[in-house]
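Let me begin by presenting the structure, written as structure tokens, before commenting on it.
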Amino acid sequence: MDSDWPAPPPSAVALSDELTAQLAARIDAAGGWLDFAEYMQLALYAPGLGYYSAGARNFGAAGDFVTAPEITPAFGACIARGIAPLLQPGDAILELGAGSGALAAAVLDELADCDAPAVDYQVLEVSAELRERQQLRLDAYPVRWLDTLPPSGFRGVILANEVADALPVRRFRWQPDRVQAVGVIRDGAAFAWAARDADAQLAREVEQRREAGGDEWPAGYTSEFCPNLRPWIGGLAACLERGLLLICDYGLTAREYYHPQRRDGTLLCHYRHRAHADPFRWPGLQDITAWVDFTAAAQAGVEAGLKLAGYTTQAQFLMANGVLDAALPDDPVERARHAANLRRLLLPGEMGERFKVLALSRALPDAPLNVGRDLRHRL
């Protein structure tokens with residue numbers, strides 16, 4: 001363990017140890033090798049123990065990471081200004097995984113300020129602990145929580161901010177003579193990576209991505225893909241009768257994602273604002289993510305009957321929807337803090353270029369959302 005990493009409290013370590021035992025048992029039951037997608041699923045979502053289901057995730061400066069809505073309400077205000085012209089009386093907004101509740105508060109505040117139609121704001125949250133936090137923060141707002149996706153007939157906007165990156169991924173390694181699946185084995189009391197020959201389905205998926213990369217991969221090229229991305233978007237599309245699915249996340253087009261120079265993939269873990277590449281450290285107490293393949297996301301939406309309505313960078317989207325138009329605070333300290341927050345959202349080396357915005361629509365005009373510089377042609 002790195003000496004500067006704050007140790008989790010004993011109660012959290014106990015939960016992690018319990019999850020570690022479950023993971024070890026699952027590896028044994030699978031014959032000693034477990035596909036990484038199953039490991040990631042359990043590490044994040046095991047009932048009562050996974051990172052997203054046990055309430056281990058902490059937001060803000062004292063937590064594991066900070067999302068755009070927590071940096072400044074301007075992020076949510078821009079989303080509200082973007083979607084306000086699309087909303088009709090009786091429409092709903094469904095937010096998937098509402099985190100701290102900061103995005104819901106900012107969106108509802110801005111919609112009220114711009115006299116948009118009243119909406120039924122809904123939240124689908126898998127974590128009971130996070131739901132409690134959200135309910136406390138949003139007590140004064142007209143928000144209701146769902147246990148499952150609404151049935152078909154949903155009208156309005158579905159918001160997925162930093163959700164797709166937490167869908168479990170399969171890891172693979174390419175060799176000139178074969179494709180390998182990269183999974184997890186037991187290593188004493190801990191876990192370790194191990195590769196074995198890929199199944200036929202994984203081999204086909206990998207070959208498609210090698211072609212998307214446009215060039216030859218070097219021997220040992222390692223990356224990942226998300227098998228749940230297509231069914232996840234398909235499920236959202238199935239309930240959307242009219243409106244918009246808005247996905248905001250860090251990610252790349254397929255050609256960028258699977259470029260030969262990105263030879264180690266995009267898998268990333270977060271613990272107390274420390275980004276690292278070890279998903280086996282303290283299972284259940286750290287976030288595990290992978291960047292989103294936005295080409296695959298767009299294709300999944302189109303296959304599900306949605307229209308590709310826009311794709312751009314976070315910076316372009318925010319500037320197109322007035323992030324720089326707000327009045328500056330009078331207090332010099334607040335003004336400097338506001339400027340620093342906007343730099344984090346907009347600069348290429350921060351979130352401005354790494355984060356993308358993908359809009360998929362049904363029964364709306366061709367370009368219903370102002371995304372600024374539209375980059376659909378790159379997908």
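The values are calculated or read from the model by the stated rules, or taken from the named source; none is laboratory data. Remember, predicted model here, so these are calculated numbers, not experimental data. With ideal geometry, Cβ positions are generated from the backbone for all residues, glycine too; neighbour counts draw on all protein chains shown.
Quick notes on this structure:
- Odd one out for residue 167, checked against (1) in contact with a strand residue (DSSP E or B) (Cβ under 6 Å, 6 or more places away or on another chain); (2) closer than 30 Å to residue 77 by Cα: (1)
- Checking each residue in the range 98-130 for being surrounded by fewer than 18 Cβ atoms within 10 Å (Cβ to Cβ), over 17 Å from residue 74 (Cβ atoms), at pLDDT below 95 and of a type outside the set (A, V, I, L, M) picks out 115, 117, 129.
- Verdict on residue 234 being farther than 30 Å from residue 348 by Cβ, in contact (Cβ under 8 Å) with a residue 60 or more places away in the chain and buried (at least 20 other Cβ atoms within 10 Å of the Cβ): no
- Cβ separations smaller than 8 Å between residues 6+ apart or across chains give the following pairs from the range 95-117 residues that are closer than 21 Å to residue 129 by Cα to residues that are surrounded by fewer than 23 Cβ atoms within 10 Å (Cβ to Cβ) and of a type in the set (Lys, Arg): 100/133; 100/137; 101/133; 101/137; 102/137; 105/137.
- Scan of the range 174-219 for residues that are of a type in the set (A, V, I, L, M) and not in a strand (DSSP E or B), ordered by number: 189, 198, 200, 202, 203, 206, 212, 219
- When the test is whether a residue is at pLDDT 95 or above and of a type in the set (Gly, Ala, Ser), residue 214 does not pass it.
- So residue 75, is it at pLDDT below 95 and within 18 Å of the chain's Cα centre (by Cα): no
- Here residue 43 meets each of (1) more than 21 Å from the chain's Cα centre (by Cα); (2) small (Gly, Ala, Ser); (3) closer than 20 Å to residue 131 by Cα; (4) modelled with pLDDT of 95 or more with one exception, condition (1).
- The residues listed here are 262, 274, 255, 281; of these, the one that is farther than 24 Å from residue 314 by Cα and basic (Lys, Arg) is 281.
- The set of residues in the range 310-336 being acidic (Asp, Glu) and part of a loop (DSSP other than H, G, I, E, B) consists of 325, 330, 331.
- Residue within the range 248-262 that is touching a strand residue (DSSP E or B) at 6+ places or on another chain (Cβ under 9 Å), in contact (Cβ under 8 Å) with a residue 60 or more places away in the chain and surrounded by fewer than 18 Cβ atoms within 10 Å (Cβ to Cβ) present: no
- Residue count for the range 151-192, restricted to those that are modelled with pLDDT under 95, closer than 16 Å to residue 278 by Cβ and under 24 Å from the mean Cα position of the chain (by Cα): 0
- Residue check for residue 291: touching a residue at least 40 places away in the same chain (Cβ under 8 Å), surrounded by 23 or more Cβ atoms within 10 Å (Cβ to Cβ) and either touching a Cys at 6+ places or on another chain (Cβ under 9 Å) or within 18 Å of residue 250 (Cβ to Cβ) (or both): yes
- Considering the conditions (1) modelled with pLDDT of 95 or more; (2) surrounded by fewer than 21 Cβ atoms within 10 Å (Cβ to Cβ), residue 276 is excluded by exactly one of them, (1).
- One residue from 359, 339, 367 being within 19 Å of the chain's Cα centre (by Cα), among the small types (Gly, Ala, Ser) and either at pLDDT below 95 or in a strand (DSSP E or B) (or both): 359
Per-residue answers, yes or no, for (1) touching a strand residue (DSSP E or B) at 6+ places or on another chain (Cβ under 7 Å); (2) surrounded by fewer than 20 Cβ atoms within 10 Å (Cβ to Cβ):
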{"site": "151", "(1), (2)": "no, yes"}
{"site": "172", "(1), (2)": "yes, no"}
{"site": "178", "(1), (2)": "yes, yes"}
{"site": "191", "(1), (2)": "yes, no"}
{"site": "198", "(1), (2)": "yes, no"}
{"site": "215", "(1), (2)": "no, yes"}
{"site": "218", "(1), (2)": "no, yes"}
{"site": "221", "(1), (2)": "yes, no"}
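- The one condition from (1) at pLDDT 95 or above; (2) over 30 Å from residue 305 (Cβ atoms) that residue 348 does not meet is (1).
- Annotation: residue 345 fulfils all but one of (1) within 24 Å of residue 163 (Cα to Cα); (2) touching a His at 6+ places or on another chain (Cβ under 6 Å); the unmet one is (2).
- Residue among 72, 67 that is touching a strand residue (DSSP E or B) at 6+ places or on another chain (Cβ under 8 Å), surrounded by fewer than 23 Cβ atoms within 10 Å (Cβ to Cβ), closer than 28 Å to residue 337 by Cβ and of a type outside the set (Phe, Trp, Tyr): 67
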